[in-house]
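*Asks:* What follows is a structure written as structure tokens; I'll ask about it next.
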Amino acid sequence: MSAIDPRALRSAFSTFMTGVTVVTSKAADGTAVGFTANSFSSVSLDPPLLLVCPGKFLSSYEAFAGCTQFAVNILAEGQEDVANTFASYKGDRFARVAHYQDALGNLLIDGALAQFSCTTHSVVDAGDHAILIGAVQSFEHDTGRGLGYVGGQFFSLGLERAALEHSGTMTLGGAIITWGDTVLLERTEAGYRPPQCLAKDRDNLRQSLTHDLETRGLPVKLGPAYSVFDDGRTHCSFFLAAEPFTSNGGFESHPIGDISKLKFASQPITDMMNRFALERQTRSFGLYVGDAQRGDVHHLPERN
């Protein structure tokens, strides 16, 4: 069997759309620990079991590998800040996020869509991760939509669906495709623009755009919608996209840091690409919905 490229495998894994969870526990000395994970699954109803997969690269790995109890919090739309805090913040994460302790002593995140308080059923070594299986002792859940994750980006399925119902007679789809620290652009007489195409059927816009890019030598996986607007005649929907594995399809590759220096084909494209360059720095992307002049950027709706 030939060697598998870890980077390509990671990209392939990331095409599976998941929810986002924060897993919490306490170390042996009582210190609260937590990490963000999308490696979560239900396992059994009888008995009630679930699993998460802490990575051995985590500073808190030993605490989770040896814990006797833990909690899984499924995050709701609007909780990207919570996810980012438990994914990368180096200080006291719990001081930045509202939470409480349940009767078992597990730490539960305020506003989470669902919370599962568990005792540890078993821990299985699995390569560079462990499989932590929990026996659910109690749980709470609320109505609403969960925070989505695919291709390294958060997304809101409900918000995206609403945005794609905008008016406009023609339908245009485009893709903001990153390749490392660069973005792929095509040159036109009016200036640069992301790869794009006209589509006959708005309901199959993703498929039409994916097919068009493939025929141009650019096989990519489209992620969440990033900018949806009408210019009076055309409904424009631009998507974030995972980088291609083999080719740039003949498009020009430009450093993301140079976006502000480029001339783009229109003002809406200029505004969109400048916003992308800023949001790329934090990887906290919003969805623009509006027309060519005015609109709102939704960083996923806040929950009450």
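*Asks:* Amide H to amide H under 5 Å from TYR226: which residues, 5+ apart in sequence or cross-chain, H placed 1.01 Å off N in plane?
*Replies:* PHE238, PHE239, LEU240
*Asks:* Next up: Lysine pairs in the chain 8 or more apart or on different chains: how many have alpha carbons under 21 angstrom apart? Intermediate values should be presented prior to the final figure.
*Replies:* On the way: LYS26/LYS56; LYS26/LYS90; LYS56/LYS90; LYS200/LYS221.
Lysine pairs satisfying the spacing and distance rule in the chain number 4.
*Asks:* Label LYS261 and VAL123 with points 7 Å out from Cα along Cα→Cβ: what is the distance between them in nm?
*Replies:* 5.0
*Asks:* In addition: Quickly work out the ALA8-to-THR282 label distance, labels modelled 7 Å from Cα along the C-beta direction, and quote it in nm with one decimal.
*Replies:* 3.6
*Asks:* Take the alpha-carbon centre of region 91-136, take the same for region 13-43, and report the distance between them in whole Å.
*Replies:* Rounded to whole Å, the Cα centres lie 7 Å apart.
*Asks:* Right, another one. Just to confirm the filter: which chymotrypsin sites (Phe, Trp or Tyr not before Pro) across region 209-284 are DSSP coil and have at most 16 other Cβ within 10 angstrom of their Cβ? The partial results should precede the final answer.
*Replies:* On the way: sites: TYR226, PHE229, PHE238, PHE239, PHE245, PHE251, PHE264, PHE276; in loops: PHE245, PHE251.
Sparse-neighbourhood loop chymotrypsin sites (Phe, Trp or Tyr not before Pro): PHE245.
*Asks:* Where does each of ARG206, ARG10 land when they are ordered by accessible area, with a 1.4 Å probe and the largest first? Can you show the working numbers first?
*Replies:* Working: ARG206 75, ARG10 180 Å².
Output order, biggest surface exposure first: ARG10, ARG206.
*Asks:* Shape of region 181-243 from its Cα gyration tensor (a ≥ b ≥ c, root eigenvalues): rounded if a/c is under 1.5, otherwise prolate when a/b > b/c, or oblate? Walk me through the numbers before you get to the answer.
*Replies:* Details: a/c = 1.44, a/b = 1.11, b/c = 1.30.
Judged from the Cα gyration tensor, region 181-243 comes out rounded (a/c under 1.5).
*Asks:* Report the residue, chosen from ASN274, ASN73, ASN204, that carries the largest GNM mean-square fluctuation when the chain is represented by alpha-carbon nodes joined by springs under 10 Å.
*Replies:* ASN204
*Asks:* Relative contact order of the chain: what whole-number percent is it, with Cα pairs under 8 angstrom and at least 6 residues apart?
*Replies:* Working: 621 pairs, mean separation 48.4, N = 304.
Relative contact order comes out at 16 percent.
*Asks:* Moving on. GNM, the chain, Cα, under 10 Å: largest mean-square fluctuation among GLY249, GLY105, GLY127?
*Replies:* GLY127
*Asks:* In region 90-143, what trypsin sites (Lys or Arg not before Pro) fall in a loop by DSSP, with at most 16 other Cβ atoms inside 10 Å?
*Replies:* Numbers: sites: LYS90, ARG93, ARG96; in loops: LYS90.
Those that pass, being in a loop and sparsely packed, are LYS90.
*Asks:* With both partners inside the chain, how many of the DSSP beta bridges are antiparallel, as a percent to the nearest 5? Write down the numbers at each step before the final one.
*Replies:* Working: 70 of 83 bridges.
Counting DSSP beta bridges with both partners in the chain, the antiparallel share is about 85 percent.
The values are calculated or read from the model by the stated rules, or taken from the named source; none is laboratory data. Values in this document were obtained by computation on a predicted structure and should not be read as measured data. Cβ sites come from the backbone with ideal geometry, for glycine too, and all protein chains shown count toward neighbours. Note: areas computed on protein heavy atoms with side chains; ligands, DNA, RNA excluded. Shrake-Rupley method; radii C 1.70, N 1.55, O 1.52, S 1.80 Å.
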